[in-house]
């Protein structure tokens, strides 16, 4: 075998190993997210649980990711891609403020319901992992920006009123009303929409 053939063979081997590594990482990330979304305890799964779900060895998990923080960071990136797709697939051309508010609140509650375990586990572990803190902040800033894009009237409010409004329709508020008080999403949507409309239309 000449030098060029050897180089081509080595390149093919490296490409194959890289492809297997990428597929293994994807499998680990997908398993981690699946376990989190299904978890009744809304806790990030352990490396052992991820390895078992992925049908791989524990050492393989840490061969692909240096630590759980790195794994969680990769999971967050994938979730944000799905998050952006969810937002980009929805739009409203309605000019009426009341209808735009209802559209946005309905969308927000849908996101909270779909990613309930992600939000809840982030709050519970926000001091434990830097990746969770960063992801939680990024996700909430994205929702805030979405609100401002669809309802720019919010920017006319005082900084305190903007912060109050953002807090009043936050995941924590929805979670308490939904899980603790057992109100239906429809009732919460109606309440959030009504209060948001009042704040944005009150005389200044």
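No lab work stands behind these numbers, since they all come straight from the coordinates. As the structure is a computational prediction, the values presented were derived from the model and not from experiment. Counting neighbours? That spans all protein chains shown, and the Cβs are built from the backbone with ideal geometry, glycine included.
Normalised by the residues of region 35-123, what does the relative contact order come to in percent, with Cα pairs under 8 Å and at least six apart? Could you put the intermediate results ahead of the total?
On the way: 36 pairs, mean separation 38.2, N = 89.
So the answer I get is 43 percent.
Note the full-extension length gain between residue 24 and residue 202 as 0.36 nm times their separation in residues minus their Cα-Cα distance, in nm to one decimal. Don't skip to the end; give the middle numbers.
Numbers: separation 178, 0.36 × 178 = 64.08 nm, distance 5.46 nm.
This chain segment gains 58.6 nm when fully extended.
For helix 130-150, what angle does its Cα long axis make with the longest principal axis of the chain, in degrees from 0 to 90 and rounded to 10?
With rounding to tens, the tilt is 40 degrees.
Starting with the fewest neighbours, write out 157, 104 ranked by other beta-carbon atoms found within 10 Å of each beta-carbon.
On the way: 157 16, 104 22.
Least crowded to most crowded, the residues run 157, 104.
Using helices alone, I'd like the mean residue ellipticity at 222 nm for the chain: each DSSP H run of four-plus residues gives -39500 (n - 2.57), total over residue count, nearest 500. It would help to have the intermediate numbers written out before the result.
On the way: 10 runs with 152 residues, N = 204.
Computed mean residue ellipticity for the chain: -24500 deg cm²/dmol.
Note the direction-averaged projected area, equal to a quarter of the hull surface, for the Cα convex hull of the chain, in nm².
Values: hull surface 63.7 nm².
Here the figure is 15.9 nm², rounded to one decimal.
Consider a paramagnetic label point 7 Å from the Cα of residue 95 along Cα→Cβ; state which residues of region 170-204 have an amide N under 20 Å from it.
Residues 201 fall inside that zone.
Please state the relative contact order of the chain as a whole percent: Cα pairs under 8 Å, 6+ residues apart?
Relative contact order, the chain: 20 percent.
Order by neighbour count: 200, 155, 86, fewest other Cβ atoms within 10 Å first, most last. List each step's numbers first, then the result.
On the way: 200 18, 155 9, 86 14.
So the ranking, lowest neighbour count to highest, is 155, 86, 200.
Pop out the Kirkwood hydrodynamic radius of region 75-137 from its pairwise C-alpha distances, inverse of mean 1/r, in Å to one decimal. Mind dumping the intermediate values first?
On the way: mean 1/r = 0.0758 Å⁻¹.
Taking every pair of different Cα atoms in region 75-137, averaging 1/r and inverting gives 13.2 Å.
Hey, fewest Cβ within 10 Å first, where do 150, 72 land in order? Intermediate results must be reported in sequence, preceding the final value.
On the way: 150 18, 72 25.
Going from sparsest to densest Cβ surroundings: 150, 72.
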